[in-house]
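The values are calculated or read from the model by the stated rules, or taken from the named source; none is laboratory data. Quantities reported herein were computed from a predicted structural model and do not represent experimental measurements. Cβ coordinates were reconstructed from backbone atoms using ideal geometry, including for glycine residues, and neighbour counts include every protein chain displayed.
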Amino acid sequence: MSPIFARTALVPLFVSAALGLGGCRSEASPPAAEQGPPVVGVVTLQAEPFTMTSELPGRTAAYRVAEVRPQVNGIIQKRLFREGSDVAAGQQLYQVDDAVYQSALKSAQAQQLSSKSLADRYELLIKEQAVSRQAYDEARAAKLQAEASLERAQIDLRYTRVLAPISGRIGRSAASEGSLASIGQATAMATIQQIDPIYVDVTQPARDLLALRRDLNEGRLQRAGDNAARVTLELEDGSAYGHAGELEFSEVSVDAGTGSVVLRAVFPNPDRVLMPGMFVRAQLVAGTRDEAILAPQQGITRTPRGTATALVVNQDDVVELRQVTVDRTVGSRWLVSEGLQAGDRLVTEGLQFVQPGTQVKAVPAQNVTAAAPTAAKEG
């Protein structure tokens, strides 16, 4: 057999062997399995009562402040109070040397007695026309002037007893025994502050105040109470103050430098825990919302432009994209004002595996805790 014939005869054998091997491989491969819809974790949103609380920085201020100043000139003889103690309105605080004023009072009394006697005598004589009308009028004028001088002398003598103008806690004394008290002096002798009740002045951005009023006027938020808003305090050491206060008024103008408005609340302070000038944080309960939508933060994402969005599974188990409006955080949730409603199934797990229009299988989410607060704090 020639070599050419031998090579030609072997070709069908190789082809047959190749076909046989290919056929065996095809029979051994199993058919591809069909995959189901992706599984996503969802949270069914529910409407719930919600209390809006604004947390604002503030400082305490005395309810009333009075500076004790002398109203007569003289040497201080006694100081009659203990620094840092509580004093009552009308309590004597200092005694100014009254020797000169006692003498002036006696002189005024003598002058008043003499002028009164003369005026009374002239009153009898004028009826008999024994004196002129001018002399009688001058005697009456002298009598009135003497009475005024006597009253002034009595006032000056009373002012030598320096009294407390209001009730409150008195500070350190700037005057001591032997020092000179002068009318119109620049330095006050002491300062009294009434700190029960006590004011707390807090600042709130004007834009937040406008938003709060708009929500109240449009009915999205109801007032927390019939009267003034309730306020609670957190002290500098983080502890809660034991008494609640009420918002008394808001400033009528906006600070041009900070763009904020001053709100003043009044608090009872029976234990004198609060002192003027202390830094505190006030929680202002501004209003309530009966049916608020609070969405877990895991289900809210933002586009590169900052728009808040959410994926929701509809009744046909198809994913929908929603644009939402969020107001603030409430613990681990967002307060949603637009875009979501009660009954929506919000996707919080598997967001990276689905897109709008995808058919999915919804199961309860495992990455969201059931407990959540119902009050918002705005810092």
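Taking residues in the range 111-125 that are touching a residue at least 24 places away in the same chain (Cβ under 8 Å), and partners anywhere that are of a type in the set (Asp, Glu) and surrounded by 15 or more Cβ atoms within 10 Å (Cβ to Cβ), the pairs with Cβ atoms closer than 6 Å and at least 6 places apart or on different chains are GLN112/GLU147.
Pairs are defined by a Cβ separation below 9 Å, a sequence spacing of at least 6 or placement on different chains, a first member in the range 152-169 that is part of a helix (DSSP H, G or I), and a second member that is small (Gly, Ala, Ser); the pairs so defined are ARG152/ALA104; ARG152/ALA108; ALA153/ALA104; ALA153/SER107; ALA153/ALA108; GLN154/ALA108; ASP156/ALA104; LEU157/ALA104. Every condition in (1) outside any strand (DSSP E or B); (2) surrounded by fewer than 13 Cβ atoms within 10 Å (Cβ to Cβ) holds for ALA119 except the one numbered (2). Hey, can you tell me all the residues within the range 274-316 that are in contact with a Phe, Trp or Tyr (Cβ under 7 Å, 6 or more places away or on another chain) and not in a strand (DSSP E or B)? LEU274, GLN297, listed by residue number. Each residue in the range 172-195 was checked for being crowded, with 17+ Cβ neighbours inside 10 Å and not hydroxyl-bearing (Ser, Thr, Tyr), and 8 pass. Could you please let me know if LEU311 is within 30 Å of GLU55 (Cα to Cα), in contact (Cβ under 8 Å) with a residue 40 or more places away in the chain and touching a strand residue (DSSP E or B) at 6+ places or on another chain (Cβ under 7 Å)? Criteria not met by LEU311. Restricting attention to the range 153-207, the residues being within 28 Å of the chain's Cα centre (by Cα) and among the charged types (D, E, K, R) number 4.
For GLU83, the conditions (1) out of contact with any Asp or Glu (no Cβ under 9 Å at 6 or more places or on another chain); (2) assigned to a helix (DSSP H, G or I) all hold with the exception of (2).
With respect to ARG289, determine if the residue is among the basic types (Lys, Arg), under 30 Å from LEU45 (Cα atoms) and in contact (Cβ under 8 Å) with a residue 12 or more places away in the chain. For ARG289, the condition - among the basic types (Lys, Arg), under 30 Å from LEU45 (Cα atoms) and in contact (Cβ under 8 Å) with a residue 12 or more places away in the chain - is met.
Residue by residue, here is whether (1) out of contact with any strand residue (DSSP E or B) (no Cβ under 7 Å at 6 or more places or on another chain); (2) within 13 Å of THR44 (Cα to Cα); (3) modelled with pLDDT under 90; (4) outside any strand (DSSP E or B) holds:
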position	(1), (2), (3), (4)
ARG328	no, no, yes, no
TRP334	no, no, no, no
SER337	no, no, yes, no
LEU340	no, yes, no, yes
VAL347	no, yes, no, no
PRO356	no, no, no, yes
ALA362	no, yes, no, no
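Taken over the range 68-90, the residue count meeting the criterion of being closer than 23 Å to ASP271 by Cα and either surrounded by 14 or more Cβ atoms within 10 Å (Cβ to Cβ) or free of Cβ contacts under 8 Å to residues at least 12 places away in the same chain (or both) is 4.
Can you tell me how many residues within the range 86-115 are among the hydroxyl-bearing types (Ser, Thr, Tyr) and part of a loop (DSSP other than H, G, I, E, B)? Counting residues in the range 86-115 that are among the hydroxyl-bearing types (Ser, Thr, Tyr) and part of a loop (DSSP other than H, G, I, E, B) gives 0. Does ALA135 satisfy the criteria of being over 53 Å from the mean Cα position of the chain (by Cα) and either closer than 29 Å to ASP271 by Cα or not assigned by TED's automatic domain parsing to the domain that holds ARG79 (or both)? So ALA135 fits the description; yes.
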